[in-house]
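Okay, so here's the structure we're looking at.
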Amino acid sequence: MEHGKPISATDNPLVDFDAVCQKVRAAVEPARAHAVSLHDQHGDLLWLSESSMGPDEHNAVREAIEAFSNAGGPPILVFDLGDSRSAVLLRAVNERRAMVGAIMIVMDARVVKQDARGALKVMTPKLQRVLADFAAMRPNSAAPPAAPARAAAASPLTLVNEAPARPAPASRPASAPKAPAAAKAPAAAGAAAAARVPATTKAPAPTPASRASAPPAVAPVGTSAGFADKRSQGVTPEIDRLHAALRRSPIALHVQRLVPLTKGSQLRRYEVLLRSKSDSAPNAAPHAMLKAAVENGLGSMIDRRVVTELIGYLVRHPDVWKSTAVMFSVNLTTTAIHDEHFLKFVGLCLEKSSLPKGMIAFEVDTATAVKLAGKMAEVGAALLRLGCPLVLDDFALKTECFALLRLPGVHYVKLAAEITAKMRTDKLSQAAITAVVQMARVLGMHTVAKRTETAAEHEWLTALGVDFVQSNSMSPPVAIESLSKMANPARA
């Protein structure tokens, strides 16, 4: 899918939620949106422009969905998140007036103001069109709401002036239990006033029991304090500039084939490589951009773009995979491993694209997998449910690496270059390669050797039982678009 392609112009069955977020940002200009997230009618996340959501944002979504679900509920809610930030929640309804989702925009609190009629200035006709586009993309299965009560329909907008109650710093739960419905309008003499002035409700604080049962917050790694904590304290100008740069940076996908050392394999395997598309360094690996993104907790944002581009390309070019089975492995950053919403995003993309299972794999380097062993078990199980194989990169003959072979869904083991570098002269290296190969075969996995360029090295690897090589001399990286040309030589 072309990044940022207009929704109305795409014929791709993959829903382009990222384009919706970009349109929301454009619709609220000149005000700046710190973050945009899309949610279904139950409050579950569909798309997130940032790497994570803080506890206050989760509470705001739950509170809004509760209010939006009520007959005659307000179409807009505003929550004060503290740190001069406000969350604007917009209810998305279909043509039957049934709620099908919500959009949350986190903005500077100073720009979220009402005009004399009580409507938000940020709610422009352009933003209303984007909201309608988003509603049209959602399933049309929700039942229409019941006829609203006359008193409840009087208020078009509800402002929540207090921030959702923050949990104790020691626990920092990611979300609070569902809050009760908005406070009822005062009775008797106060009812007339409530009909003229938008109602004001307060977010109830979670009880001690609910705090104890709430799941822990997801804090992507990369900095000592954790990026989630930084976001709760306000985004620094440096992070904000980096985020904007990552969104604007043009990217391209290249692929490198894993060449089989033995005959008989029909499946074509590729590793997906991210390349810059800038004029100054075309087709160069953006190492500095990746390093900065991971260190600042924005790595999963890049991983989302890669997955979106890859699946979009495969949907547009079924000739690449319909005649010959293929598999593409995508490298995962540490922030994507920590981001609980990333795998939900992958599952949504695969469901919408209807690609065959096993076509998209994910690759994790062994050092990261060892460091995050507890989390990797959860990630591996989730990928297995999605039908996505797991690849272990830079596998070394070390005790701490052996346990990784127990992870669910591991199909491929890429040998660390330190093992293969001296295989022709060092018998210990030969023994190490043979040991990994035998373990992999017993477990039903394949082995891959990297950075081996000579014919003599490939002969040694074949003799030692390695299944594939990833070699620049045998199969250099190429632009992913070339795969369609190879599948259809007449179009080239």
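The values are calculated or read from the model by the stated rules, or taken from the named source; none is laboratory data. Values in this document were obtained by computation on a predicted structure and should not be read as measured data. Neighbour counts run over all protein chains shown; Cβ positions are idealised from the backbone, glycine included. SASA here: full protein model, heavy atoms, side chains in, ligands and nucleic acids out. Shrake-Rupley method; radii C 1.70, N 1.55, O 1.52, S 1.80 Å.
Assorted remarks:
- Taking each residue of segment 80-107 that is within 12 Å of Gln41 (Cα to Cα) and looking for partners that are of a type in the set (Asp, Glu) and surrounded by fewer than 24 Cβ atoms within 10 Å (Cβ to Cβ) with beta-carbon atoms closer than 7 Å, six or more apart or interchain, yields Gly101/Asp40.
- The requirement of being open to solvent by less than 10 Å² (accessible area, probe 1.4 Å) and more than 20 Å from Phe342 (Cα to Cα) is not satisfied by Phe402.
- Qualifying residues in segment 318-343 (those that are among the hydroxyl-bearing types (Ser, Thr, Tyr) and over 13 Å from Val307 (Cα atoms)) - the one surrounded by the fewest Cβ atoms within 10 Å (Cβ to Cβ): Ser323
- Taken residue by residue, segment 470-477 has no member that is free of Cβ contacts under 8 Å to residues at least 40 places away in the same chain, under 26 Å from the mean Cα position of the chain (by Cα) and closer than 19 Å to Val259 by Cβ.
- Residue check for Leu48: at pLDDT 90 or above, surrounded by 24 or more Cβ atoms within 10 Å (Cβ to Cβ) and touching a Leu at 6+ places or on another chain (Cβ under 9 Å): no
- Only one of the numbered conditions (1) open to solvent by 10 Å² or more (accessible area, probe 1.4 Å); (2) modelled with pLDDT of 85 or more is violated by Met104, and that is (1).
- For Pro476, the criteria (1) under 25 Å from Phe362 (Cβ atoms); (2) open to solvent by 10 Å² or more (accessible area, probe 1.4 Å); (3) in a helix (DSSP H, G or I) hold in every case but one, which is (3).
- Residue list for segment 67-84, filter: within 21 Å of Thr124 (Cα to Cα), of a type outside the set (Asp, Glu) and surrounded by fewer than 23 Cβ atoms within 10 Å (Cβ to Cβ): Gly73, Pro75, Ile76
- Filtered by the rule that a residue be at pLDDT 80 or above and surrounded by 17 or more Cβ atoms within 10 Å (Cβ to Cβ), segment 261-285 gives Leu261, Arg268, Arg269, Tyr270, Glu271, Val272, Leu273, Leu274, Arg275.
- If you go through segment 367-385 and keep only what is in contact with a Gly (Cβ under 7 Å, 6 or more places away or on another chain) and either of a type in the set (S, T, N, Q) or open to solvent by less than 50 Å² (accessible area, probe 1.4 Å) (or both), you end up with Gly380, Leu383.
- Pairs with Cβ under 7 Å, 6+ apart, first in segment 312-327 and of a type in the set (Lys, Arg), second outside any strand (DSSP E or B): Arg316/Asn12
- Of the numbered criteria (1) assigned to a helix (DSSP H, G or I); (2) closer than 22 Å to Leu267 by Cα, the one Val364 fails is (1).
- Flag if Asp240 is open to solvent by 40 Å² or more (accessible area, probe 1.4 Å), at pLDDT below 90, under 20 Å from Gln22 (Cβ atoms) and acidic (Asp, Glu): yes
- In segment 27-100, counting only strands (runs of 3 or more DSSP E) that sit wholly within it, the ones holding 1 or more residues that are among the acidic types (Asp, Glu) span 33-40, 76-82.
- From the options Val436, Val442, residue that is farther than 19 Å from Arg257 by Cβ, modelled with pLDDT of 90 or more and open to solvent by 60 Å² or more (accessible area, probe 1.4 Å): Val442
- Any hit, segment 413-429, residues being open to solvent by 60 Å² or more (accessible area, probe 1.4 Å), in a strand (DSSP E or B) and either in contact (Cβ under 8 Å) with a residue 60 or more places away in the chain or within 21 Å of Ser475 (Cβ to Cβ) (or both): no
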